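Notes to accompany the following structure.
The values are calculated or read from the model by the stated rules, or taken from the named source; none is laboratory data. As the structure is a computational prediction, the values presented were derived from the model and not from experiment. Here the Cβ positions follow ideal geometry from the backbone for every residue, glycine too, while neighbour counts run over all protein chains shown.
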Amino acid sequence: MKDLCSCYVDMVNNSTNQSLETETVSKVGDESAAACSMGLVVVPECEISSDGWRAINNVKDITVGEENVEIPWVNEINDETPSHFRYMPQNFVFQDAPVKFSLSSFSHEQSCSSSCIEDCLASAMPFNCAIAVDNGFAYTADGVIKEDFLEARISEARDQRKQVVMFCKECPLERAKKTEILEPCKGHLKRKAIKECWIKCGCTKRCGNRVVQRGIHNKLQVFFTPNGKGWGLRTLEKLPKGAFICEYIGEILTIPELYQRSFEDKLSFPVILDAHWCSEEWLEDDKALCLDGTCYGNIARFLNHRCLDANLIEIPVYVETPDQHYYHLAFFTTRDIEAMEELTWDYGIDFDDDDSLMKPFECLCGSRFCRNMKRSKKTKQIMNRA
Ligand SMILES: [Zn+2]
Ligand SMILES: [Zn+2]
Ligand SMILES: [Zn+2]
Ligand SMILES: [Zn+2]
């Protein structure tokens, strides 16, 4: 008998549950609309492309060669295959998001000087890219996040008393609902970000302050979980605490575009980029952004949810833009992880929020801190009465 209290996110195939990989069809945007100096373009129409099929059929590498490493998939449980999606190693603008990566928008104050040495971490001098975090750079010479910075982020994520929650005067999420009465903002977690060196810095690509931009480098595997959670992602090697695993990749949407998709009943798994929403008086609709990995995404789409004590944490990372509205969402390990352990992150879902953009699902995470317990108990009581 299935334990109702254990957690479940089927990120793939199961049509009766929330799924990242349910077929959806995006409207084609005006491809000329998102021209920019770094080649950021509007994503083409979402369809089952030959690449999509290639990804599914390619047992050896679900990334179809888009990453530094091959990431195989395996199903030792049944005959299911991962459903089709287009693998993207980086975020792309869907249509209206005004994300522009340009050298001119990046001032000298926002990058290290050109006299900067090869590796910024090796220098005793503080560089501009270090000022965004406490005590210098976020990374150690071993390429992991510094212990104190990581611990502060973990305790903020897990302990409400340590969280700084900001409220919009008029919330873009509420405006996008287009209801007659605007509900008050539900609040946004103010989160510290990492700033990495970039092209305008004097250092090289091997600088220790460039981790996320160098991409995935661990041995990972997509696998079919034996405990009813559908597909998941696991590591095939031991991972140290603070190691970068992957980014959450998807289409960059404005919040109105996201709501448009949800109105059209397209299943999506949105990640709202709201870490700095309240840093200005009034946030315009097109500046409120999110990532949607439903149609186009990377291996992060296979990460299952775990309440509170997940072994990954997401941290905002700035690389190529000083724009506070757009950042990368990168996953780092919260502890040492053994080979073959499943990788999980806490989606931050409030299971009692019926207003959520995410399709509700029954949590099967198995964590003793599972936030879905109350709902599961209620379900059990109803079932017992029946
Ligand atoms: Zn550097
Ligand atoms: Zn708000
Ligand atoms: Zn720099
Ligand atoms: Zn749970």
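Structural remarks
- Conditions (1) small (Gly, Ala, Ser); (2) at pLDDT below 90; (3) in contact with a Cys (Cβ under 8 Å, 6 or more places away or on another chain); number of the one not met by residue 330: (2)
- Checking residue 261 against (1) part of a loop (DSSP other than H, G, I, E, B); (2) surrounded by fewer than 24 Cβ atoms within 10 Å (Cβ to Cβ), the condition it does not meet: (1)
- Counted residues, region 307-324 - those being under 15 Å from the mean Cα position of the chain (by Cα), over 17 Å from residue 336 (Cα atoms) and either among the aromatic types (Phe, Trp, Tyr) or away from ligand 1 (no atom under 16 Å from the Cβ) (or both): 3
- Total residues in region 198-225, condition within 12 Å of ligand 3 (Cβ to nearest atom) and within 16 Å of residue 315 (Cα to Cα): 3
- Figure legend. Inter-residue proximity from region 316-334: first residues under 15 Å from residue 278 (Cα atoms), second residues outside any loop (DSSP other than H, G, I, E, B) and of a type in the set (S, T, N, Q), beta-carbon distance below 9 Å, spacing 6+ or different chains. Indicated pairs: 324/279.
- Residue in region 213-221 that is out of contact with any Leu (no Cβ under 8 Å at 6 or more places or on another chain), outside any strand (DSSP E or B), under 30 Å from residue 95 (Cβ atoms) and within 16 Å of ligand 2 (Cβ to nearest atom) present: no
- Residues of region 183-218 classified as on the phi < 0 side of the Ramachandran plot and either within 16 Å of ligand 4 (Cβ to nearest atom) or over 17 Å from the mean Cα position of the chain (by Cα) (or both), total: 21
- Residue check for residue 330: part of a strand (DSSP E or B), small (Gly, Ala, Ser) and in contact with a strand residue (DSSP E or B) (Cβ under 6 Å, 6 or more places away or on another chain): yes
- Selection within region 206-240 - within 16 Å of ligand 1 (Cβ to nearest atom) and among the charged types (D, E, K, R): 206, 210, 214
- Considering only residues in region 264-301 that are in a loop (DSSP other than H, G, I, E, B) and modelled with pLDDT of 90 or more, the one that is nearest to residue 245 (Cα to Cα) turns out to be 298.
- Residue in region 136-158 that is within 16 Å of ligand 4 (Cβ to nearest atom), touching a residue at least 60 places away in the same chain (Cβ under 8 Å) and closer than 20 Å to residue 327 by Cβ present: yes
- Complete set of residues in region 143-168 that are touching a Leu at 6+ places or on another chain (Cβ under 9 Å) and either under 20 Å from residue 285 (Cα atoms) or in a helix (DSSP H, G or I) (or both): 156, 157, 158, 166, 168
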